Structures are given as structure tokens and as C-alpha cells.
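As C-alpha cells, the structure follows; a few thoughts come after it.
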Amino acid sequence: MPNRKQSRLINRTLDSTFYVSHRNAEFNVWDSLRNLLKVEQPALCIKYLKHHLKYGETVSHRTAWSKVYLLLPGSTLTLSKTGVKVSYEPWIRGANYQEGIINKEPAAALVEALSPTDGPVIVEFSGGTDSTSIAYTVAARSKVLAVTWADPANTNASDIKYATRIAKKLKIEHEIGYINPKNIFSPPPKDYLPDRPSISIFMITQKDRLVRAKALANGCNVLNGHGGDHIFLDPPSPLPLLDLLMSGRLSDAASYYRSLADFYGEGLIAPLRYKKIGQGIGDFKFTLSPGKRLHKLMVQQACYENSIWNNCGLPYKMVHPFTHPAMLSYAMNIDPNDFVGEFQSRLPFRKSMSMHFDTDDFSRVSKGHLTGVFQQAVKLKYKYLAELLSSGIGNKHGLYKPAPMLDLLNSAAVGASNIDPILMNALSMELFFAHWSYLISGSE
């Protein structure tokens with residue numbers, strides 16, 4: 001591109017992400033990571049990788065590559081000789097919606113987001129609030145398949161039973177997709193092209209195998225609620241408390257603080273010790289409405305993650321209705337002070353869905369997780385993973401010390417109740433670069 005003092009790149013698409021390589025005042029734009037890697041092999045962005053290890057997947061216009069940026073739907077990159085600035089407002093995409101309906105009725109916003117067409121769809125169905133809402137909204141279509149991912153060692157998990165009951169009630173076809181722990185830590189096939197270290201790289205091969213065949217055979221889209229809870233300011237946060245105090249609502253502030261103390265379960269001062277709210281998704285900035293700012297960052301993160309899903313080389317279309325402009329228009333016009341309460345910030349959404357569909361199926365707050373299958377996978381591939389941590393990118397560039405990471409790996413292998421997020425982030429990073437090396441070398 002020609003030299004200019006300043007250039008602005010705007011992405012007005014609904015779901016296409018581009019990669020921008022920036023050197024001084026010159027830049028190039030690529031429509032896929034594959035095309036970018038055909039031309040250049042970018043240097044690592046060590047600052048980004050350190051952030052990833054600490055916080056995992058959080059909203060950013062940067063990538064794992066130095067001088068390579070993401071141009072997400074709804075974003076603007078301003079490029080100059082001195083650097084890159086980003087503006088990311090995904091809720092401004094697309095058409096305007098009737099505020100009188102969308103802002104007062106989230107069920108109407110979801111219907112708008114999913115379109116009234118009667119095409120066949122696949123729903124990745126965990127049985128949680130988000131996927132249950134999607135299932136109810138599309139249940140009347142002529143062809144709906146719900147897929148629930150499960151741990152083969154825990155076939156009686158409560159979330160499997162719950163998802164099965166809901167699918168039967170809605171009279172939609174339902175399949176259980178069991179995750180094989182033997183394949184979790186295997187690099188995915190070449191047609192999977194992540195743009196950054198991503199925990200989704202662990203299961204993409206297995207999940208893609210089942211969904212790909214179903215989606216292509218039926219010519220349908222895949223609906224996923226991943227990140228949907230982010231637009232509802234989840235989990236309960238101390239920050240809206242400050243909004244209440246600043247607006248003089250002392251009684252409401254006291255009531256909300258009591259609910260926070262009950263939620264954290266560690267006594268009256270527990271919320272004051274909860275200091276990491278929002279640190280991973282943006283630098284601290286002083287504002288008179290901190291709850292609203294955190295909400296905005298959470299909405300941006302949900303859209304960021306789902307933009308990447310649409311650009312990871314899958315042969316079918318992923319649809320994320322909770323990041324559709326209609327849903328975001330609804331979410332962005334909610335006051336976090338009124339939005340959060342009774343231990344769960346999604347309470348207003350759940351109440352609206354329950355009223356709209358005349359059911360209590362949205363009252364379920366928690367669901368099971370796949371922690372067990374990850375522990376089995378660590379145990380099966382302990383030597384391989386230990387070698388990755390000992391001689392991979394992280395150790396080479398001093399991103400972490402191998403000994404503490406190996407201790408965490410050993411704890412997971414012997415059945416620790418939780419897998420440390422830093423270990424998961426480190427493994428995702430190492431697998432990402434193992435996969436990238438295959439792409440560059442041209443061999444599997």
C-alpha cells in the first residue's frame with residue numbers, strides 16, 4: 001500500500017475477520033490466515049503471549065504475531081507510522097431495530113437474531129440457559145438436530161440428562177457426542193486455521209468430525225451459544241455497586257452488596273477482595289459508571305471470540321445469535337444496576353424467556369463441565385505434554401518456568417479437582433505453535 005500519514009480501515013461486514021500486516025506506514029490486508037502465511041512468517045508477539053498465559057482468551061485486536069492485527073466485524077483500525085489504534089463497537093453493525101421491542105423483550109431480540117426461515121439447523125446443546133433459549137426458539141423448524149458434548153466416563157451427568165429431557169420435550173432430534181480423551185491434545189487437521197492460541201484447538205478435530213458430516217449432508221448452519229452469557233455481565237460483579245453509590249441509591253447499594261456477599265460465600269468483606277474483575281479484558285480506566293464499562297468489555301469479548309469461530313477454516317457456517325446486532329442492541333441498553341441481582345446477572349433474561357415460552361426450563365443456573373475428560377487426556381498423554389512444556393515456545397522465550405508448569409500437569413494427571421487455567425492456556429499456546437509449524441513446513 002502507498003505511504004500515507006494515516007489510514008483508516010473499517011470492517012462493516014457481519015461476520016468476516018481480516019488480518020492486517022502493518023510495517024511503518026505501509027499495510028496489507030488478508031482475508032484468511034492461510035493467505036497471510038503464504039506470503040510471510042510473522043515474528044512472535046511476546047507481549048500478547050504473556051497476556052494469554054495469564055488471562056486466556058480476552059478481547060484484543062492483536063494476534064500472536066507481532067505487527068499483525070485483527071480487523072473484526074464492527075471495528076476500525078487507524079494505522080500510522082507510529083502505530084495502530086483500534087475502535088471496536090460490534091453492536092453498531094447492520095440494521096436498526098425497534099428499541100421499544102428489542103430493549104424490553106430479550107426473547108423478541110433472540111427471535112430477530114435467528115431469522116424466521118425454516119432451514120435445517122444444528123444446535124450445540126449443553127442444556128444451559130443460552131443453548132436452551134436457542135433450542136426453544138428454533139424448535140418449530142422442520143429439521144433441528146441438537147448435539148450435546150459429553151465425557152464418556154460420566155454418561156449419567158446431570159447436564160446430559162437435562163439436555164435429553166429438554167430435547168424430548170421440544171420433539172427435536174438429539175445426539176450425544178462423546179469426547180474421546182485420546183484425541184484431545186492432538187494437533188488438528190490443516191484446514192483448521194486458528195489466528196491465535198485458543199483453547200478450542202483441543203477438541204476441534206472431534207467436534208468438527210461429527211458436526212461437519214451432519215451440517216454438510218443437510219446443508220444447514222450450526223447454532224452455538226458460546227459467549228452468550230458475556231452480554232449479560234456474568235458473573236456477579238462488585239462494579240455495579242459503585243454505580244449505585246454514585247447515583248445516590250444507598251439502600252439499593254446495601255441490598256446488592258448483601259447479595260454479593262452471599263454469592264461469594266466468604267463473609268461480608270469477600271466482594272472487596274475480588275480485585276481481578278475486568279483486568280483480563282482491558283486496562284483500567286476511571287469512569288463514573290464502572291459497571292457499564294465492564295459490561296461493554298464483556299460484550300466486546302463475546303463478539304471477538306465468535307468472530308474467530310467464523311474464521312477457523314471450518315467447512316460449515318457457525319451462527320452465534322447472542323452476538324447478532326439485535327441481541328447486542330438489547331444488551332447495550334440495559335443499566336447494569338437493574339440488570340444484576342439475585343446471585344445471577346442473567347436473571348432478567350431467564351425470566352423473559354420463561355414468560356415468553358411459558359416454561360420453567362430456564363431456571364437452571366449451573367451445568368456440568370468436561371473437566372473429567374481433560375484429566376483423562378492429560379493422564380494418557382502426560383509424556384507428550386511434558387515435552388511440549390519443557391521444550392516449547394514458552395520455555396524458549398521465557399514466558400513461563402517449566403518446573404511449576406510440570407507440577408500443575410502432574411496434579412491434573414493424578415486427578416486434581418480442577419485444572420489450573422494457566423496450565424490450559426500454556427498447553428493451548430504450545431499446541432497452536434505445533435500446528436502452525438505444520439502449516440509452514442507443509443507436512444503433517
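The values are calculated or read from the model by the stated rules, or taken from the named source; none is laboratory data. On a predicted model such as this, the values are computed, not experimentally measured, just so you know. Glycine also receives a Cβ, built like all others from the backbone with ideal geometry; neighbour counts cover every protein chain displayed. SASA here: full protein model, heavy atoms, side chains in, ligands and nucleic acids out. Shrake-Rupley method; radii C 1.70, N 1.55, O 1.52, S 1.80 Å.
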Given a 10 angstrom Cα cut-off, can you work out which residue in Pro404, Pro152, Pro240 is the most mobile in a GNM of the chain? Pro404
Near Lys292, which lysines are there with a Cα under 21 Å away, not counting those fewer than 8 places off in the same chain? Lys104, Lys275, Lys276
Computed accessible area, Lys85, all protein chains, 1.4 angstrom probe, square angstrom: 150 Å²
Label point distance in nm, Thr13-Tyr384, each placed 7 Å from Cα along Cα→Cβ: 3.3 nm
Could you check which residue among Val414, Val121, Val147 shows the biggest mean-square fluctuation in a GNM of the chain with a 10 Å Cα cutoff? Val414
Jot down the radius of gyration and Dmax of the chain, Cα atoms only, both in angstrom. 22.2, 65
Rank these by accessible area, largest first, 1.4 Å probe: Leu260, Leu288. Leu288, Leu260
In a Gaussian network model over the chain where Cα atoms closer than 10 Å are linked, find which of Gly119, Gly398, Gly56 has the largest mean-square fluctuation. Gly398
Potential extension, Glu40-Gln279 segment - 0.36 nm per residue separation minus Cα distance: 82.8 nm
In the chain, what percent of the accessible surface is made up of carbon and sulfur (1.4 Å probe, ligands and nucleic acids excluded)? 53 percent
Contact order normalised by residue count of the chain, Cα under 8 Å, 6+ apart, percent: 21 percent
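With every protein chain kept in the model, how would you rank Ser60, Ser75 by accessible area, 1.4 Å probe, largest at the top?
Ranking Ser60, Ser75 by accessible area, largest first, yields Ser60, Ser75.
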State, as an integer percentage, the relative contact order of the range 130-282 based on alpha-carbon contacts under 8 Å between residues 6 or more apart. 17 percent
Could you order Tyr136, Tyr55 by accessible surface area, starting with the largest, using a probe radius of 1.4 Å? Tyr55, Tyr136
Tell me, what is the per residue accessible area of the range 115-195 in Å², probe radius 1.4 Å? 40 Å²
Please report how many Lys pairs in the range 154-209 have alpha carbons closer than 24 angstrom, counting only residues at least 8 apart along the chain or sitting on separate chains. 8
Can you work out the FRET efficiency for the pair Met424 and Ser158, with r the C-beta to C-beta distance and R0 = 22 Å, to the nearest 0.05? 0.40
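Within the range 145-249, report the trypsin sites (Lys or Arg not before Pro) that DSSP leaves as loop and that have at most 13 other Cβ atoms within 10 Å. Before the final figure, lay out each step's value.
Values: sites: Lys161, Arg165, Lys168, Lys169, Lys171, Lys182, Lys190, Lys207, Arg209, Arg212, Lys214, Arg249; in loops: Lys171, Lys190, Arg249.
Listed in order of number, the matching sites are Lys171.
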Over the range 245-315, how many percent of alpha carbon pairs lie in each 5 Å bin up to the one with the longest distance? 3, 13, 15, 18, 19, 13, 7, 5, 4, 2, 1
With every protein chain left in place and a probe of 1.4 Å, what is the accessible surface of Met424, to the nearest 10 Å²? 20 Å²
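Of Lys5/Lys67; Lys5/Lys47; Lys50/Lys381; Lys47/Lys396, which sit over 23 Å apart, Cα to Cα?
Flagged as over cut-off: Lys5/Lys47; Lys50/Lys381.
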Rounded accessible area of Met246 (nearest 10 Å², 1.4 Å probe): 100 Å²
Note, ³J(HN,Hα) from phi for the range 196-211, Karplus 6.51, -1.76, 1.60, rounded to Hz, x at Gly and Pro: 7, x, 9, 5, 5, 5, 5, 10, 4, 4, 6, 5, 5, 4, 6, 6
